[in-house]
Amino acid sequence: MANKKKNIKKKKSTTKKRKTTNSKKKTTVQKSKVSNNTNKTSKNKSNKNSEIKNKKTDKVIKEKSNKRELIFNIIIAVLVIVVIISFYFLIQKRKEEEITIKEIDESKLVKPDNNSTDIDIPKKTVKEEIAELKTKYNNNDVIGILNIDNEIYTPVVQTKDNQYYLKYSLSKKRSVIGSTFMDYRLNKDSKQINIYGHNHSNKKYNPPFKTLENYLKKAYFEEHRYIEFKVDNEIQKYEIFSIVIGEKVGTEEHMNIKYTKNSDWLKHFNRLKNRSIFKTDTKLTENDKIIVLQTCLFGKYKGKLMLVIGKRVDNE
């Protein structure tokens, strides 16, 4: 009996141990499950964080890509606009060149032969010649005609400033070499008349005042000593007494035109005479009037002014 009781106690003890072991196993399994769940949760969170980061990275990359594309498109658009504008101005420049060349040729007038014996050719007065030019160019600014032995024979205009006709032709169109014009501050009866005209280094242009470069040669100076200025209804004649190479400054001697005393005018005239590259024996007096033709120089004298100065002699 005693052995049976011991066996029963052993069985119960073993059963309890098994239950305890099973309970421990269950606890371990549960812990394992909890751990697995925790790991899964952690992994899920990690995956979500990774996805968020990837999305943010993709967004940043996309934004940068869009910015680069936008900048590229802007650059292309600007380049296209620049090309179009450049092409437009190129066309305009060519038009100006064509107008310029055409009007230069037209402005080189043929001097009418008023000495002709042909009775069928009526002689034109100065007033009629100027009126025809006003009609031809549809421009009432035409005031006269400048002539130097037919080497230069061109219309002269005058307006309210000394800027407009630097860039506009006789027909008031944009021009590379402008027109031959008289200083706006002066008139045909002024003590001094200044007439300006462009020169050009490009051989395809041949503006009227380019001829003035020839006065750098003494032989030409000696052969072409007279200037004729047709203005209003008279012909003013001037004897050239000075060829000056001047500076492009407003204080140049020939730009001083506000003297009030004849004695000051005479000093002014003599200063212009003394600066001449060729000496003459022309005598100047307080009662004299002069004309100054001005243009630009190139080559050896690039950046300088060419001044051809004459004393009025038709009224002597």
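The values are calculated or read from the model by the stated rules, or taken from the named source; none is laboratory data. If you're wondering where the values come from, they're calculated on a predicted model, not measured in any experiment. Cβ: placed from backbone, ideal geometry, glycine included. Neighbour counts: every protein chain shown. Surface accessibility is based on the protein's heavy atoms, side chains included, excluding ligands, DNA and RNA. Shrake-Rupley method; radii C 1.70, N 1.55, O 1.52, S 1.80 Å.
Express the accessible area of the stretch 219-271 per residue in Å², computed with a 1.4 Å probe while the remaining protein chains stay in the model.
Heavy-atom SASA per residue in the stretch 219-271 reads 50 Å².
Can you bin the stretch 246-316 into rounded, prolate or oblate? Criterion: square roots of the alpha carbon gyration tensor eigenvalues sorted a ≥ b ≥ c, rounded for a/c under 1.5, prolate for a/b above b/c, oblate for the rest.
prolate
Could you check the simple spin-label distance between Met255 and Val313, using points 7 Å along Cα→Cβ, in nm with one decimal?
Each label point is offset 7 Å from its Cα along the Cβ direction, giving 3.0 nm.
What full-extension length gain, to one decimal in nm, is calculated for Ile85 and Lys127 as 0.36 nm per residue of separation minus the Cα-Cα distance?
10.6 nm
Counting only the heavy atoms of the protein chains, how much of Arg185 is accessible to a 1.4 Å probe, in Å² to the nearest 10?
100
Order the following by accessible area, largest value first: Lys56, Lys237. Probe radius 1.4 Å; ligands, DNA and RNA are ignored.
Correct descending sequence by accessible area is Lys56, Lys237.
With a 1.4 Å probe and every protein chain left in place, tell me how much accessible area Asp264 has, in Å² to the nearest 10.
50
Would you kindly find the accessible area of Thr280, with a 1.4 Å probe and non-protein molecules such as ligands, DNA and RNA excluded, rounding to the nearest 10 Å²?
We get 30 Å² for Thr280.
Quick check: from the Cα gyration tensor, does the stretch 175-224 come out rounded (a/c under 1.5), prolate or oblate?
Because a/c hits 1.5 or more and a/b fails to exceed b/c, the stretch 175-224 counts as oblate.
Summarise the accessible area of the stretch 158-307 (1.4 Å probe, protein heavy atoms) by the percent that is carbon and sulfur.
In the stretch 158-307, the share of accessible area belonging to carbon and sulfur is 47 percent.
What is the spin-label model distance, in nm, from Lys302 to Asp149 if the labels are put 7 Å beyond Cα along the C-beta direction?
The answer from the label model is 3.0 nm.
Can you sort Ser263, Ser175 by solvent-accessible area, 1.4 Å probe, largest first?
Ser263, Ser175
Shape call for the stretch 195-316 from the C-alpha gyration tensor, a ≥ b ≥ c root eigenvalues: rounded (a/c under 1.5), prolate (a/b greater than b/c) or oblate?
prolate
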